[in-house]
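*Asks:* Pasting a structure below so you can have a look.
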Amino acid sequence: MDLRLNNELISEYHSGSQKARVLTESWVGDNLFCPRCGNDHIQHFENNRPAADFFCPVCNNQYELKSRRGRLGKKVADGAYDTLISRITSNENPDFLFLSYSMDTMRVTDLIMIPKYFFVPEIIEKRAPLPLTARRPGWVGCSIVIEQIPQQGRVNIVSRGIEEDRELVLERVSLSQRLSTENLHARGWLMDILRCVNSVPAEEFSLSDIYRFEGFLFEKHPENNNIRPKIRQQLQLLRDKGVIEFLGMGRYRKVR
Ligand SMILES: [Zn+2]
């Protein structure tokens, strides 16, 4: 992978957003392998296709690219709130690629892939409607809150200007697949319990370590009055998916 951006491509463009789009899209088309199947490149769709930006000619997987100048940060701005929510809830989401780059060094600095099944409405933050004076008054945009996605769903491809090992990327994407759930409600619960498990620092933990998150979980799922049984059910699901193992007597271990 050549992390340099091709400066020559943008000499004819004036608008900053056009320059950014051309630079980053051409970089992905020239450099990125398919994180799903390992094919050497992914291909750009014809312009103005709403659902995705790239696809893999071998496994057909689709990708949407979000780029940002400077650091990637905790959240990335996206388009219309309703559009993104309806795409997530219809299970027609592509995988997402989040790319950040530096205009000083003209290099890609970070690139993360987030598999589609890690998208739940909770990670989409609604922004304030545009004021009446705006060109599109009342329009509601959104941000994708990357930091709320469990670490298993954030696959680093480039980190702080350094490329990750390709085999490791493919392995992590393939491991993440065990967490895929079609049902959006079930997915929300699974992601929440996964975040609780992740935030316990030790490799081994007990049921009571997870019960500590009861308040947090109740806030997110106020319709559920049986949080503890739900926690146990989701831990079983995480065991079935190979993310944790049961040690007996209410003890668990994270699987590396
Ligand atoms: Zn592929």
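The values are calculated or read from the model by the stated rules, or taken from the named source; none is laboratory data. All values reported here derive from a predicted model rather than from experimental measurement. All Cβ positions, glycine included, derive from the backbone under ideal geometry; neighbour counts span all protein chains shown.
*Asks:* Just to verify a result, which residue in region 222-250, among those that are touching a residue at least 60 places away in the same chain (Cβ under 8 Å) and buried (at least 16 other Cβ atoms within 10 Å of the Cβ), is farthest from R178 (Cα to Cα)? Reasoning before the result, please.
*Replies:* At the first step, the residues of region 222-250 found to be touching a residue at least 60 places away in the same chain (Cβ under 8 Å) are 241-243.
If we keep only those that are buried (at least 16 other Cβ atoms within 10 Å of the Cβ) as well, we get 241, 243.
Details: K241: 6, V243: 8 Å.
So the residue we want is V243.
*Asks:* Quick one: is F96 within 16 Å of the ligand (Cβ to nearest atom) and at pLDDT below 90?
*Replies:* Details: within 16 Å of the ligand (Cβ to nearest atom): yes; at pLDDT below 90: no.
Considered against the rule, which asks whether it is within 16 Å of the ligand (Cβ to nearest atom) and at pLDDT below 90, F96 comes out as no.
*Asks:* Could you tell me which numbered condition F45 fails, if it satisfies all but one of (1) within 16 Å of the ligand (Cβ to nearest atom); (2) modelled with pLDDT under 90; (3) within 22 Å of R172 (Cβ to Cβ)?
*Replies:* Unmet condition: (3).
*Asks:* Does at least one position in region 86-93 carry a residue that is within 14 Å of the ligand (Cβ to nearest atom) and outside any loop (DSSP other than H, G, I, E, B)?
*Replies:* Here is the first cut: in region 86-93, the residues within 14 Å of the ligand (Cβ to nearest atom) are none.
No, because not a single residue in region 86-93 is within 14 Å of the ligand (Cβ to nearest atom) and outside any loop (DSSP other than H, G, I, E, B).
*Asks:* Now for a separate question. May I ask you to list the residues in region 8-42 that are of a type in the set (S, T, N, Q), away from the ligand (no atom under 16 Å from the Cβ) and within 20 Å of T109 (Cα to Cα)?
*Replies:* Start the filter on region 8-42 by keeping residues that are of a type in the set (S, T, N, Q), which leaves 11, 15, 17-18, 24, 26, 31, 39.
Those still in the list that are away from the ligand (no atom under 16 Å from the Cβ) too: 11, 15, 17-18, 24, 26.
Correct list: S17, Q18, T24, S26.
*Asks:* Mind counting the residues in region 1-51 that are under 26 Å from R87 (Cβ atoms) and not in a loop (DSSP other than H, G, I, E, B)?
*Replies:* Of the residues in region 1-51, 14 are under 26 Å from R87 (Cβ atoms) and not in a loop (DSSP other than H, G, I, E, B).
*Asks:* Within region 149-165, track down each residue that is closer than 21 Å to S67 by Cβ and exposed (fewer than 15 other Cβ atoms within 10 Å of the Cβ).
*Replies:* Answer for region 149-165, where residues must be closer than 21 Å to S67 by Cβ and exposed (fewer than 15 other Cβ atoms within 10 Å of the Cβ): S159, R160, G161, I162.
*Asks:* Out of region 189-209, which residues are over 22 Å from P121 (Cβ atoms) and in contact with a strand residue (DSSP E or B) (Cβ under 8 Å, 6 or more places away or on another chain)? Outline the logic, then answer.
*Replies:* Of the residues in region 189-209, the ones over 22 Å from P121 (Cβ atoms) are 200-209.
Answer for region 189-209, where residues must be over 22 Å from P121 (Cβ atoms) and in contact with a strand residue (DSSP E or B) (Cβ under 8 Å, 6 or more places away or on another chain): E203, E204, F205, S206, L207.
*Asks:* Could you tell me whether any residue of region 140-148 is hydrophobic (A, V, I, L, M, F, W, C), part of a helix (DSSP H, G or I) and without any contact (Cβ under 8 Å) to a residue 24 or more places away in the chain? Outline the logic, then answer.
*Replies:* Residues of region 140-148 that are hydrophobic (A, V, I, L, M, F, W, C), as a first pass: 140, 142, 144-146.
If we keep only those that are part of a helix (DSSP H, G or I) as well, we get 146.
Imposing the further condition that a residue be without any contact (Cβ under 8 Å) to a residue 24 or more places away in the chain reduces the set to none.
Taking every residue of region 140-148 in turn, none turns out to be hydrophobic (A, V, I, L, M, F, W, C), part of a helix (DSSP H, G or I) and without any contact (Cβ under 8 Å) to a residue 24 or more places away in the chain.
*Asks:* Listed residues R178, R228, R195; which is touching a Gly at 6+ places or on another chain (Cβ under 6 Å) and outside the structural domain of T89 (by TED's automatic domain parsing)? Lay out the reasoning, then the answer.
*Replies:* Values: R228 fails: touching a Gly at 6+ places or on another chain (Cβ under 6 Å); R195 fails: touching a Gly at 6+ places or on another chain (Cβ under 6 Å).
Going through R178, R228, R195 in turn, the sole match is R178.
*Asks:* Kindly check whether there is at least one residue in region 34-43 that is exposed (fewer than 15 other Cβ atoms within 10 Å of the Cβ) and closer than 18 Å to S102 by Cβ.
*Replies:* Scanning region 34-43 turns up no residue that is exposed (fewer than 15 other Cβ atoms within 10 Å of the Cβ) and closer than 18 Å to S102 by Cβ.
*Asks:* Just to be sure, is C59 surrounded by 14 or more Cβ atoms within 10 Å (Cβ to Cβ) and within 16 Å of the ligand (Cβ to nearest atom)?
*Replies:* On the way: surrounded by 14 or more Cβ atoms within 10 Å (Cβ to Cβ): no; within 16 Å of the ligand (Cβ to nearest atom): yes.
Here the answer is no, as C59 does not meet what is asked.
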